[in-house]
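The structure under discussion appears below in the form of structure tokens.
The values are calculated or read from the model by the stated rules, or taken from the named source; none is laboratory data. Note that the structure is a prediction, hence the values are computed from the model and not measured. All Cβ positions, glycine included, derive from the backbone under ideal geometry; neighbour counts span all protein chains shown. Remember, those area values only see protein heavy atoms, side chains included, never the ligands or the DNA or RNA. Shrake-Rupley method; radii C 1.70, N 1.55, O 1.52, S 1.80 Å.
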Amino acid sequence: MAGLIDFEDEEEVRAYLENLHVEYSYQCFKEKDPDGKRPHRDPLPGDRWEPQTPHRCLAGCQRLADYLDAVRKDFVAAARVLRDNCEAHGHSESCYKLGAYQAIGKGGLDPDLKAAYNSFMKSCEKGGKKSVNACHNVGLLAHDGRVNDDKPDPVVARDYYTKACDGNFAPGCFNLSVIYLQGAPGVPKDMNHALKYSLKGCELGHIWACANASRMYKLGDGIEKNDAKAEDLKNRAKQLHKEQKEAPSSLTFGE
């Protein structure tokens, strides 16, 4: 469909969305171009890419799943696409979203935290748009213990929170700081590490990370007391809270 869409015209919007459905379905089920890596020329002798190989466009399948979820609200169909794109083809973003479906039993799937854990793990290890979120979720489920017969595994939680934090995912940094702040089996209490990750979480915009770092400086809790830094961090937490309250909520299709 050429030209700009008038999103105040209901019929035009309906036609536009229907065209998206057709386009994404074609990309997923018909195109022989996984993840958009098709060469911009005819293949030459010796090229590894073979146009007759029946690959699926994995990114197109993810777009189709997003469309079915966000626009059609057909969660059962979305779950089918996500499961195939993750389990058969290892697409990282599909594994992340499949894990979210499995965790709560969405799209006709049975609630299954162990299956969700495995899907998040695939996404985390594969890398990609949602991999740091997936790493954080692996950490949460390991920390919680319900995927391991109610036995928390703080070492695995620490390792995957670290992956998430290294990817600049603020909640991962905060949860990592809490593990070091409290200590756990296999993860000794370490106030320097707790402060380090609290500060990083604060820099990334996590209110409670700022609050924890402020408290540590205020009390001199395992670190050198510093009232000025404590006050700065407290003010940062207050500013973040204010910004969070004032920020309009938004939904971006395809995220």
- Message: Can you tell me the convex hull volume per residue for the stretch 60-192, based on C-alpha atoms, in Å³ to the nearest whole number?
- Response: 97
- Item | Karplus 3J(HN,Hα) series, Hz, for the stretch 213-226 with 6.51 cos²θ - 1.76 cosθ + 1.60 (x for Gly, Pro) | 5, 4, 5, 4, 5, 5, 8, x, 7, x, 9, 6, 5, 8
- Message: Among the listed pairs 106/151; 129/245; 196/238; 218/245; 114/196, which have their C-alpha atoms separated by more than 29 angstrom in this model?
- Response: 114/196
- How big is the stretch 101-255 by Rg and Dmax over its Cα atoms, in Å? 17.1, 54
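Could you tell me what fraction of 2.2 N^0.38 Å the Cα radius of gyration of the stretch 143-196 comes to, as a two-decimal ratio? Present the calculation step by step, with values, prior to reporting the outcome.
Values: Rg = 10.8 Å, N = 54, 2.2 N^0.38 = 10.0 Å.
In units of the 2.2 N^0.38 Å rule of thumb, it is 1.08.
Counting other Cβ atoms within 10 Å of each Cβ, which trypsin sites (Lys or Arg not before Pro) in the stretch 151-255 have at most 12 and sit in a DSSP loop? Spell out each step's value before the answer.
Details: sites: 158, 163, 189, 196, 200, 215, 218, 225, 229, 234, 236, 238, 242, 245; in loops: 189, 225.
Qualifying residues, ordered by number: 225.
Please list the equivalent ellipsoid semi-axes of the stretch 99-170, computed as the square roots of five times the alpha-carbon gyration tensor eigenvalues, in descending order and whole angstrom.
Numbers: eigenvalues 74, 50, 12 Å².
Ellipsoid semi-axes (Å, largest first): 19, 16, 8.
Distances longer than 20 Å among the Cα atoms of the stretch 159-240: what percent of all pairs is that? Numbers along the way, then the final one.
Values: 858 of 3321 pairs.
Across the stretch 159-240, Cα pairs with separations above 20 Å total 26 percent.
Out of the total accessible area of the stretch 126-254 (probe 1.4 Å, heavy atoms of protein only), what percent is carbon and sulfur?
Details: 3580 of 7250 Å².
The computed percentage sits at 49.
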- Message: Could you work out the relative contact order of the stretch 116-220? I mean the mean sequence separation of Cα pairs under 8 Å and 6+ apart, divided by the number of residues, in percent.
- Response: 17
- Rounded to whole Hz and in sequence order, give me ³J(HN,Hα) for the stretch 90-100 from the Karplus expression 6.51 cos²θ - 1.76 cosθ + 1.60, θ = phi - 60°, writing x for Gly and Pro. x, 6, 4, 5, 5, 5, 4, 6, 4, x, 5
